[in-house]
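*Asks:* Encoded as structure tokens, here's the structure I'll be asking about.
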Amino acid sequence: MLDEQFRKLLADEGFMEVDAPLLHPFQGDSTSRPIFAETAIYDGLRFTLASSPELYLKKLLVSGFNKVFTINKVFRDEEFDRTHLMEFTSVEYYIAYVDYRYMMDFTEKLLKKLAKEITGKLKLTFMGNLLDFSKPWKRISIHDTLLEKFGKDLYELDYDELVNTAMTVGIEYSEPVSPGNIIIDIFENLYLSSLIQPTFIYDFPKDASVICYDIKMAKDYRDNNLMLEIFELYLGGMELANG
């Protein structure tokens with residue numbers, strides 16, 4: 001039912017559905033460990049099971065297809081927990097010629113419609129929390145939130161200053177970590193558990209591993225070359241979507 005409603009809502013918005021391949025000749029997502037598949041027919045030829053259909057959908061965008069989506073299985077070599085599985089179903093949709101703020105607006109509109117179509121209401125109980133989809137969803141800038149918290153721009157600190165700042169909130173590192181990941185660790189340590197109601201977070205640091213792809217997949221922030229124009233959507237204290 002969930003898949004059917006996603007398809008209907010996206011089709012109503014003018015999207016074309018794509019059947020993305022599950023066998024990739026390359027690792028398309030450098031932030032996760034791939035699961036490999038080998039063939040006995042072609043000696044030495046090895047594929048990765050799809051960890052994301054993103055590259056194929058973006059190829060369609062640059063080929064002139066302005067609205068595309070896919071609903072398919074993805075595979076990642078990750079530990080099992082309440083938010084991670086090695087195999088799961090992913091919904092990915094892309095629109096040409098819009099920015100990340102438009103995609104936040106569109107995602108909010110889409111998921112509100114989805115909740116209404118499936119449950120008939122916009123207030124839902126999830127893991128003991130009452131989630132209110134009816135209000136405008138909150139948007140939090142990681143950069144501005146940490147600037148207000150610490151009174152200094154963490155994105156411009158040198159490495160030692162960042163590590164010392166992390167220590168003030170109880171985070172220590174036994175080996176080097178990128179400055180962007182330190183910033184994300186600080187933000188998540190302070191605020192992640194409070195992101196219960198639907199909330200977009202944005203203004204991610206440029207070198208955080210969540211977006212540090214071998215092939216550049218996100219736009220530089222228009223006014224600050226230390227950030228990228230991406231977002232993540234949280235509800236119930238866990239990530240639901242990103243873009």
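*Asks:* Could you run through segment 153-175 and say how many residues are touching a residue at least 12 places away in the same chain (Cβ under 8 Å) and either on the phi < 0 side of the Ramachandran plot or among the hydrophobic types (A, V, I, L, M, F, W, C) (or both)?
*Replies:* Residues meeting the conditions: 11.
*Asks:* Restricting attention to segment 21-45, report how many residues are modelled with pLDDT under 80 and touching a helix residue (DSSP H, G or I) at 6+ places or on another chain (Cβ under 9 Å).
*Replies:* 3
*Asks:* Determine which member of the set Lys149, Lys109 is touching a residue at least 24 places away in the same chain (Cβ under 8 Å) and either surrounded by 12 or more Cβ atoms within 10 Å (Cβ to Cβ) or not in a loop (DSSP other than H, G, I, E, B) (or both).
*Replies:* Lys149
*Asks:* Let me ask you something else. Which residue is farthest from the chain's Cα centre (by Cα), if the candidates are limited to segment 48-82 and must be farther than 20 Å from Leu2 by Cβ and polar (S, T, N, Q)?
*Replies:* My answer is Ser63.
*Asks:* Can you name the residue in segment 59-83 that is exposed (fewer than 15 other Cβ atoms within 10 Å of the Cβ) and in contact with a Phe, Trp or Tyr (Cβ under 8 Å, 6 or more places away or on another chain) and is also modelled with the lowest pLDDT among such residues?
*Replies:* It comes out as Lys73.
*Asks:* Next up: Given the criteria at pLDDT 90 or above, in a helix (DSSP H, G or I) and under 16 Å from the mean Cα position of the chain (by Cα), does Tyr102 qualify?
*Replies:* Answer is yes for this residue.
*Asks:* Right, here's the next one. For segment 184-220, enumerate the residues that are in a helix (DSSP H, G or I) and either at pLDDT below 60 or among the hydrophobic types (A, V, I, L, M, F, W, C) (or both). Break it down into steps so the answer makes sense when it comes.
*Replies:* Let us first name the residues in segment 184-220 that are in a helix (DSSP H, G or I), namely 184-194.
Residues satisfying the conditions are Ile184, Ile186, Phe187, Leu190, Leu192.
*Asks:* With the requirement that a residue be exposed (fewer than 13 other Cβ atoms within 10 Å of the Cβ) and either free of Cβ contacts under 8 Å to residues at least 40 places away in the same chain or of a type in the set (Phe, Trp, Tyr) (or both), what does segment 112-134 give you?
*Replies:* Thr119, Gly120, Lys121, Lys123, Thr125, Phe126, Gly128, Leu130, Ser134
*Asks:* State whether one or more residues within segment 38-56 are within 21 Å of Phe231 (Cβ to Cβ), out of contact with any Cys (no Cβ under 6 Å at 6 or more places or on another chain), without any contact (Cβ under 8 Å) to a residue 24 or more places away in the chain and outside any strand (DSSP E or B).
*Replies:* No, every residue in segment 38-56 fails to be within 21 Å of Phe231 (Cβ to Cβ), out of contact with any Cys (no Cβ under 6 Å at 6 or more places or on another chain), without any contact (Cβ under 8 Å) to a residue 24 or more places away in the chain and outside any strand (DSSP E or B).
*Asks:* Within segment 136-146, which residues are without any contact (Cβ under 8 Å) to a residue 60 or more places away in the chain and loosely packed, with under 14 Cβ neighbours inside 10 Å?
*Replies:* Pro136, Asp144
*Asks:* For Leu111, state whether it is outside the structural domain of Ile201 (by TED's automatic domain parsing) and within 21 Å of Phe231 (Cα to Cα).
*Replies:* Numbers: outside the structural domain of Ile201 (by TED's automatic domain parsing): no; within 21 Å of Phe231 (Cα to Cα): yes.
For Leu111, the condition - outside the structural domain of Ile201 (by TED's automatic domain parsing) and within 21 Å of Phe231 (Cα to Cα) - is not met.
*Asks:* Here's another thing I want to ask about it. So which residues in segment 152-179 are within 29 Å of Arg101 (Cβ to Cβ) and part of a helix (DSSP H, G or I)?
*Replies:* The answer is Leu154, Tyr155, Glu156, Leu162, Thr165, Pro179.
*Asks:* Could I ask something else about it? Of all residues being modelled with pLDDT of 90 or more and under 17 Å from Lys206 (Cβ atoms) in segment 157-178, which is surrounded by the fewest Cβ atoms within 10 Å (Cβ to Cβ)? Just the residue, please.
*Replies:* By that ranking, first place goes to Asp158.
*Asks:* Moving to a separate point now. Identify all residues within segment 1-29 that are outside any helix (DSSP H, G or I), exposed (fewer than 14 other Cβ atoms within 10 Å of the Cβ) and of a type in the set (Gly, Ala, Ser); write none if there are none.
*Replies:* Hit for segment 1-29 is Gly14, nothing else.
*Asks:* Right, something else. Can you tell me which residues in segment 66-82 are assigned to a strand (DSSP E or B) and free of Cβ contacts under 8 Å to residues at least 12 places away in the same chain?
*Replies:* Once the filter is applied, which keeps residues that are assigned to a strand (DSSP E or B) and free of Cβ contacts under 8 Å to residues at least 12 places away in the same chain, segment 66-82 yields only Asp81.
*Asks:* Moving to a separate point now. Between Lys73, Lys112, which is among the basic types (Lys, Arg) and closer than 16 Å to Asp12 by Cβ?
*Replies:* Only one candidate passes the filter, namely Lys112.
The values are calculated or read from the model by the stated rules, or taken from the named source; none is laboratory data. What you see is a predicted model, and the numbers here were worked out from it, not measured in a lab. In this analysis, Cβ positions are derived from the backbone assuming ideal geometry, glycine residues included, and neighbour counts consider all displayed protein chains.
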